[in-house]
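First comes the structure, then the notes that go with it.
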Amino acid sequence: MKRRRFALALPLVLAAALVLALGVSTSSAKQQSAFKAAWIYVGPHDDHGWSQAHDQGRLYVQKQLGSKVKTTFKELVPEGPQTCQVIESLVRDGNKIIFATSFGFQNCMVSEAKKHPDVKFEQATGTAQSKNLAEYFGAGEDGIYLSGMAAGAASKKGVIGYVVPFAIPEVIRHANAFALGAQATHPGIKVRLIWTNSWLDPGKEKRAAQNLVAAGSDVLGQNVDSPATGQFAESKGVAWVGYDSDAHTFAPKQWLTAAVYSWGPYYLRRVKAAMNGSWKSSFYYGSIKDGMIGLASYGPKVSAKTKHAIAAKKSAIVSGKFYEFAGPLYDQKGKLRVPKGKRLSVKDLYAMNWLVKGVIGSAKG
């Protein structure tokens, strides 16, 4: 009887094992068939700034597409030859679309795109395009202008400190937009720059903030990636405008607001296009109107009057009635750079190498 029971049970055991094996095989096949997409970050994915904003976009894609896609990221990637090595490893891993999120990654993105025509490449903040290399960014200057309005309204001394990374057109136009916004709510205000020559270096950022306050700034702003400036501002009772992410938890009493980017919807569209074969190289410049650019939450120091002024200006930007880079605009030395009636184009902004009147610092870094 024991042998018979064993003989009867054996087919059932084998059948169960077969089902289990098929289940594992099916699951494995699903994982292997998932479309692979990768992101490259210059900083840590949780920097509470630029890289984290992009990573939230990646997570948005993963959530929306679920098991259809497998996303990954490489963080703290040096800008230079090592970028090429990272891209090569991502291609070997089977990623079919790669998003590089820092200007210094561009050279390797260009060369790797030539080597791998079957992979789609997308470069944030860059200027190069090819058949399988696209460029994308957002009009961060619009949000930065609005955040500058909050900074200007909060200043009593008429001097704002602004911590900036590299003297490239992207950062120069952002510094200009911040200064113009501050001047809109506080005519005649000065914006003092200190260059850190690094996208993310909390030590340098804190020292820059210290020097700016010592030089008379009673409000701080930034175009760098970490919240170190805000942490120092909180410790000294100095109002702070952030950048990239809502970082109010680092300075709950001194936080004003920040220009922020919503990368998720763009990333989702581009990954979907790569998956269904409709992807084409393009240049995308997102805006407040399409939801790419926005403002973070307001802190307790932003008055109702300032909020109203910012809301009105935002509406004017969306409708096209206002543009911060419309003439007349003068540079630091009083030279007319943009005559009345002219508006700078995106191409002009990508070549900007001068600072507006009221900014203290060098456009050369």
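The values are calculated or read from the model by the stated rules, or taken from the named source; none is laboratory data. Since the structure is predicted, the reported quantities are computational estimates derived from the model, not experimental observations. Methodologically, a virtual Cβ is constructed for each residue, glycine included, from the backbone with ideal geometry; neighbour enumeration extends over all protein chains shown. Side chains included, ligands, DNA and RNA excluded: accessible areas come from the protein's heavy atoms. Shrake-Rupley method; radii C 1.70, N 1.55, O 1.52, S 1.80 Å.
Numerical summary
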| item | result |
| --- | --- |
| Lys301 - accessible surface, heavy atoms, 1.4 Å probe, Å² rounded to 10 | 100 Å² |
| Read-out Cα extents along the principal axes in Å, derived from the coordinates shown; its label in (1) 100, 44, 39; (2) 53, 51, 42; (3) 54, 50, 36 | (1) |
| Neighbourhood charge, 11 Å Cβ-Cβ cut-off, centred on Ala100 and excluding it, Lys, Arg +1 and Asp, Glu -1 | -3 |
| For Gln332, residues with placed amide H under 5 Å, excluding near neighbours | Leu355, Lys357 |
| Relative contact order for the stretch 116-227, counting Cα pairs under 8 Å that sit 6 or more residues apart, in percent | 29 percent |
| Whole-Hz couplings from phi, Karplus 6.51/-1.76/1.60, listed for the stretch 49-56; x for Gly and Pro | x, 4, 5, 5, 4, 5, 5, 5 |
| For Val338, residues with placed amide H under 5 Å, excluding near neighbours | Leu329 |
| Total charge dipole magnitude, the chain, about the Cα centre, Cβ charges on Lys, Arg, Asp, Glu only, Debye to nearest 20 | 840 debye |
| Accessible-area value, Asp118, 1.4 Å probe, nucleic acids and ligands omitted, Å² | 90 Å² |
| Of all DSSP beta bridges in the chain, antiparallel share, percent nearest 5 | 15 percent |
| Whole-angstrom Cα spans of the stretch 216-331 along principal axes, big to small | 54, 34, 30 |
| Residues whose placed amide H lies under 5 Å from that of Asp47, excluding near-sequence neighbours | Gln52 |
| Two-site FRET efficiency, Asp246 against Asp118, from Cβ-Cβ distance with R₀ of 51 Å, rounded to 0.05 | 0.85 |
| Karplus-derived HN-Hα couplings along the stretch 244-251 (A = 6.51, B = -1.76, C = 1.60, θ = phi - 60°), whole Hz, x at Gly and Pro | 5, 9, 7, 10, 5, 5, 7, 8 |
| Rg and Dmax of the stretch 66-202, Cα atoms only, in Å | 18.9, 57 |
| Approximate spin-label separation His308-Lys236, in nm, with each point projected 7 Å along Cα-to-Cβ | 3.3 nm |
| Check: the stretch 50-167 dipole with +1 on Lys, Arg Cβ and -1 on Asp, Glu Cβ, in debye | 260 debye |
| Separation of the Arg207 and Ala316 label points, Cα + 7 Å toward Cβ, nm | 4.1 nm |
| Positive-end extreme of charge dipole, the stretch 69-133 - chosen from Thr71, Asn107, Thr125 (charges on Cβ) | Thr71 |
| Viscosity 1.002 mPa s, temperature 20 °C, Stokes-Einstein D of the stretch 134-271 from Kirkwood C-alpha radius, µm²/s | 145 µm²/s |
| Cα-centre dipole for the stretch 276-365 with unit charges at Cβ (Lys and Arg positive, Asp and Glu negative), debye to 20 | 300 debye |
| Protein-only accessible surface order, largest first, of Glu88, Glu170 at 1.4 Å | Glu88, Glu170 |
| Alpha-carbon Rg/Rh ratio, for the stretch 265-335, with Rh computed the Kirkwood way | 1.14 |
| Per-residue HN-Hα couplings for the stretch 348-354 [Karplus 6.51, -1.76, 1.60; θ = phi - 60°; Hz; x = Gly/Pro] | 5, 5, 6, 10, 4, 9, 9 |
| Percentage of interatomic Cα-Cα distances in the stretch 242-281 larger than 13 Å | 62 percent |
| Stokes-Einstein translational diffusion, the stretch 302-342 - Kirkwood Rh over all Cα pairs, 1.306 mPa s, 10 °C, in µm²/s | 135 µm²/s |
